[in-house]
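The next block holds one structure in the form of structure tokens; read it before the comments.
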Amino acid sequence: MSGEIDHRDGPLAAALAAELGELRAAGLYRSRASLEGSQGAHVELAGRRYVSFASNDYLGLAGDPRLIAAAQAGATRYGVGAGASHLLYGHASVHAALEHALAELVGLPRALFFSTGYMANLGVVTALCGRDDEVFADKLNHASLNDAMLLSRARVHRYPHLDLDRLEHALARSRARRKLVVTDAVFSMDGDLVTVPQLVWLCERYGAFLLLDDAHGFGVLGEGGAGILSHWRVRSDRVVYMGTLGKAAGVHGAFVAAEPAVIDYLVNRARTYMFTTASPPMLACALLESVRIIRSEGWRREHLRGLIAHFTSRLVTSPGKLLPSVTPIQPLVLADAEHALGVSQYLLEQGFIVPAIRPPTVPRGTARLRISLSAAHSLVEVERLADALDICVP
């Protein structure tokens, strides 16, 4: 055969282009914007400075000079890359020190450092559950938990959001070899909390394990930023706790904390831990400094709580539906995807980055602005955002 085949106009490309056109027509097309500096409450985009209410950098640590210095020192000592998986000599002494510090912070015996929260959830669920087991999941769980339970090949039962009566009914009927309840601790698009004491009680009564994805609670909730377990003052050997390190901690990665046997089992059975190159030790150095700051600088959480209280008081009469949340996640439901996009664009013109969240991330008819507050925001900036919302959400 002579010449090259041009795949751009092939049947697959044409079909995909048609689907993309449908997304554009429905206001559901997504694209990326490139920041021109560090992440934080103030960012630069296309040569203009904005106040960002889009980041999960809840404590304002992503650009902290102390974390940058720790990463630089780590790169000098350990190099840039780990070079191998944790099980093949990619595990550095600073990885071990970080795991110890994380377990101590959340009050559990052991911790295991994963490359991402997505990989942590995939690793835990697929390691603990198989064909003879059953996973029970809140219908509004994060995509990583949904993908994990499907990959596990276990039977799956999804219960209505926060409906623990329905969960109990399903647990009581189950005859699975192993039962695992999986749930977000703080739901990322609604900002509401799961009632951990009741969940733990159900798991202990019906012989189930509980995986808590505390991506948005770690560092923010609880004493010293210890997360959802500390917030509810709950301890149980049934709990497998997952916290991410790229949000409030300001760096990258995730960890799972649990009983020693669970952690050892994951080291030997969690494929997303076993079969991937270890995260760079320099990141673990930055995270050790982040853990120290999270524990010692309680003023960050105090300031953040003040911003949350002020913002919610300002928007209590807004025509949009501000969902009840005591967390930095403040969702303003506008229903229509095009309307949410239009409000987001107006705010961008006023100097604020506030993302519009649309289906399938949220259910159809519940498109919203996801307003993320940070300890790096000032009260004046939050007040200015509230003023702008008063104008554009009439």
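The values are calculated or read from the model by the stated rules, or taken from the named source; none is laboratory data. What you see is a predicted model, and the numbers here were worked out from it, not measured in a lab. Because the Cβ atoms are built from the backbone with ideal geometry, glycine has one as well, and the counts that use them run over all protein chains shown.
Points to keep in mind about this one:
- Residue within segment 299-312 that is within 21 Å of Asp214 (Cβ to Cβ), part of a strand (DSSP E or B) and either in contact (Cβ under 8 Å) with a residue 12 or more places away in the chain or more than 20 Å from the chain's Cα centre (by Cα) (or both) present: no
- Boolean, Leu287 is touching a Leu at 6+ places or on another chain (Cβ under 6 Å) and in contact (Cβ under 8 Å) with a residue 24 or more places away in the chain: yes
- Met149 vs. criteria of a type in the set (A, V, I, L, M, F, W, C), modelled with pLDDT under 95 and either farther than 30 Å from Ser279 by Cβ or buried (at least 18 other Cβ atoms within 10 Å of the Cβ) (or both): no
- Checking each residue in segment 338-361 for being more than 18 Å from Leu45 (Cα to Cα), small (Gly, Ala, Ser) and buried (at least 17 other Cβ atoms within 10 Å of the Cβ) picks out only Ala340.
- In the set (1) surrounded by 17 or more Cβ atoms within 10 Å (Cβ to Cβ); (2) not in a loop (DSSP other than H, G, I, E, B), the condition left unmet by Ser325 is number (2).
- Selection count where residues are touching a Pro at 6+ places or on another chain (Cβ under 8 Å) and farther than 16 Å from Phe218 by Cβ, scope segment 44-68: 1
- When Arg178 is tested against (1) buried (at least 19 other Cβ atoms within 10 Å of the Cβ); (2) touching a Cys at 6+ places or on another chain (Cβ under 8 Å); (3) of a type in the set (D, E, K, R), only condition (1) is not met.
- Count - residues of segment 43-67 that are in a strand (DSSP E or B), of a type outside the set (Lys, Arg) and either touching a residue at least 60 places away in the same chain (Cβ under 8 Å) or closer than 16 Å to Glu297 by Cα (or both): 5
- Residue count for segment 45-95 under the criterion of being farther than 19 Å from Leu287 by Cβ and assigned by TED's automatic domain parsing to the domain that holds Leu35: the result is 10.
- Screening Gly219, Gly207 for residues that are modelled with pLDDT of 95 or more, in the same structural domain as Thr116 (by TED's automatic domain parsing), surrounded by fewer than 21 Cβ atoms within 10 Å (Cβ to Cβ) and more than 18 Å from Ser144 (Cα to Cα) leaves exactly one candidate, Gly207.
- The lone exception for Thr195 - which of (1) within 23 Å of Ser152 (Cα to Cα); (2) among the polar types (S, T, N, Q); (3) surrounded by fewer than 22 Cβ atoms within 10 Å (Cβ to Cβ) it fails: (1)
- Any hit, segment 150-169, residues being closer than 19 Å to Val262 by Cβ, in contact with a strand residue (DSSP E or B) (Cβ under 8 Å, 6 or more places away or on another chain) and not in a strand (DSSP E or B): yes
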